[in-house]
1. Pick from A:ILE149, A:ILE171: which is open to solvent by less than 60 Å² (accessible area, probe 1.4 Å), part of a strand (DSSP E or B) and either within 14 Å of chain B (Cβ to nearest Cβ) or basic (Lys, Arg) (or both)?
2. Within the range B:26-51, count every residue that is of a type outside the set (Lys, Arg), more than 10 Å from the chain's Cα centre (by Cα) and facing chain A (nearest Cβ under 7 Å).
3. For the range B:37-50, which positions are out of contact with any Lys or Arg (no Cβ under 6 Å at 6 or more places or on another chain) and over 15 Å from A:ARG84 (Cβ atoms)?
4. What's the total number of residues in the range B:62-81 that are at the interface with chain A (Cβ under 8 Å from one of its Cβ atoms) and either closer than 12 Å to A:GLY88 by Cα or open to solvent by less than 70 Å² (accessible area, probe 1.4 Å) (or both)?
5. Please work out which residue is nearest to A:ALA139 (Cα to Cα), limiting yourself to the range A:224-233 and to residues that are open to solvent by 20 Å² or more (accessible area, probe 1.4 Å) and in a strand (DSSP E or B).
6. So the check is Cβ under 7 Å with 6+ separation or different chains; which pairs have a first residue in the range A:4-19 that's more than 17 Å from A:LYS46 (Cβ to Cβ) and a second one that's small (Gly, Ala, Ser) and surrounded by 19 or more Cβ atoms within 10 Å (Cβ to Cβ)?
7. Name the single residue, out of those in the range A:56-70 being part of a loop (DSSP other than H, G, I, E, B) and open to solvent by less than 90 Å² (accessible area, probe 1.4 Å), that is modelled with the lowest pLDDT.
Amino acid sequence: MNNPYEVLGVASTASAAELQSAYRKLAKKLHPDLNPGDKAAEEKFKEVAAAYDLLGDIDKRKRFDAGEFDASGAERPPRQHFYRDYAGGEAEHPYADTSGYADFMDGDDIFADLLRRSQTKRANRRGQDMHYRLAIDFAESIAGATKRITLPDGGTLDVKIPAGLVDGQTIRLRGKGATGAGTGGPGDALIEVEVLPDPRFTRDGDDISIEVPVSLSEAVLGGPVRIPTATGAVTMTVPKGSNTGTTLRLKGKGAPRHGGGFGDQFVKLKVVLPSPPDPELEAFVAGWAKGKAFNPREEG
Amino acid sequence: MAMDKQEFLETFGLQVQVLDVWIEQQWLIPEKTPSGMRFREIDVARARLIRELQSEIGANDAGIDVILHLMDQLHGMRRVLAQLRREMGGPQA
């Protein structure tokens, strides 16, 4: 780096006030945002700013004057971007001002026409879509629900969850996104919905399956059993002679189908012996099993 | 990266009353969303510029007002020039 005193154009004996005055004069001239067309402005300004950073700090100046370090060690971290880097380009922003050439747009000539066309394209942009996430439970995904999202600023958004919604489905609320510019309408709110898994139910398309334990006597003798469904418990008759793996169908207790109607709930039975073990049962089976040839592990 | 109002106030050490004045004078026009004010990168860069005009350049409020107004006109003109150049088959972006 060049000698910072030279960069600022002051004597090495300059007072703090003189330094600041010199810096401000140069900053006014060289600041990139005050020179949007000068590509080299950033470099020139950086040099001046670094020089003032060094000499404007009493300690750093003392050490520099004493020769303790050379100027290049004292540069401030490079500045990322100036306003001019965002104001140009094609991206929309609300600061774009056309009044500087508005008079060129009046008139019937081709040039005026060109200018007018370029303006309407930008002025009436639709607002951005806003993205949100929501988690619901299994029962709500099947029956539907209305959920309220609380937004960071305390505002709320009511979201109607359609019955039968699938995990990962996105709900679009038209017009609930960010406001647009000019005559452009607001964007939409896009809500991605997660269906939290339920330990009991598994969804398979429009059908739901569940595994339900039944007692030995219920399986052997049959009888009514209370079965949970997504919309509440129902009583089902387990047929006499049911076994583990026997699957019963509850019609219409699944998820809503597109086009009307509902899928089914499939109930897979699991025969469970009494717990703790019943000594009466053990005694009975010991007697009963004699002479019986049934082996479930044999093929055919 | 965009910021919300709280983060913005903290980044610039701004009081909310000062921000209100800046917005009322249209020095800053953050995006209004259902979840509150959203400060895009351009808004952050513009706030940084306002700060620098105050501290580095030593401009007062009236000066900043004029500078921003003229600068916006200048950028407006540069954009339309760039657009015209594109339409005439010149270098892109």
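1. The unique qualifying residue is A:ILE149.
2. 5
3. If the condition is that a residue be out of contact with any Lys or Arg (no Cβ under 6 Å at 6 or more places or on another chain) and over 15 Å from A:ARG84 (Cβ atoms), then B:ARG38, B:PHE39, B:ARG40 are the ones that fit.
4. Of the residues in the range B:62-81, the ones at the interface with chain A (Cβ under 8 Å from one of its Cβ atoms) are B:67, B:69, B:71-80.
Next, from what is left, pick out any that are either closer than 12 Å to A:GLY88 by Cα or open to solvent by less than 70 Å² (accessible area, probe 1.4 Å) (or both): B:67, B:71-80.
The qualifying residues number 11.
5. Looking at the filtered set, the residue picked out is A:GLY232.
6. A:VAL10/A:ALA22
7. Per the stated criteria, the residue is A:PHE69.
Conditions (1) at pLDDT below 95; (2) not in a helix (DSSP H, G or I), marked per residue:
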residue: B:ALA47; (1), (2): no, no
residue: B:ILE50; (1), (2): no, no
residue: B:GLN54; (1), (2): yes, no
residue: B:ILE64; (1), (2): no, no
residue: B:GLY76; (1), (2): yes, no
residue: B:PRO91; (1), (2): yes, yes
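The values are calculated or read from the model by the stated rules, or taken from the named source; none is laboratory data. In this text, all values refer to a predicted model and were calculated from it rather than measured experimentally. Cβ: placed from backbone, ideal geometry, glycine included. Neighbour counts: every protein chain shown. These accessible areas exclude ligands, DNA and RNA; they are computed on the full protein's heavy atoms, side chains included. Shrake-Rupley method; radii C 1.70, N 1.55, O 1.52, S 1.80 Å.
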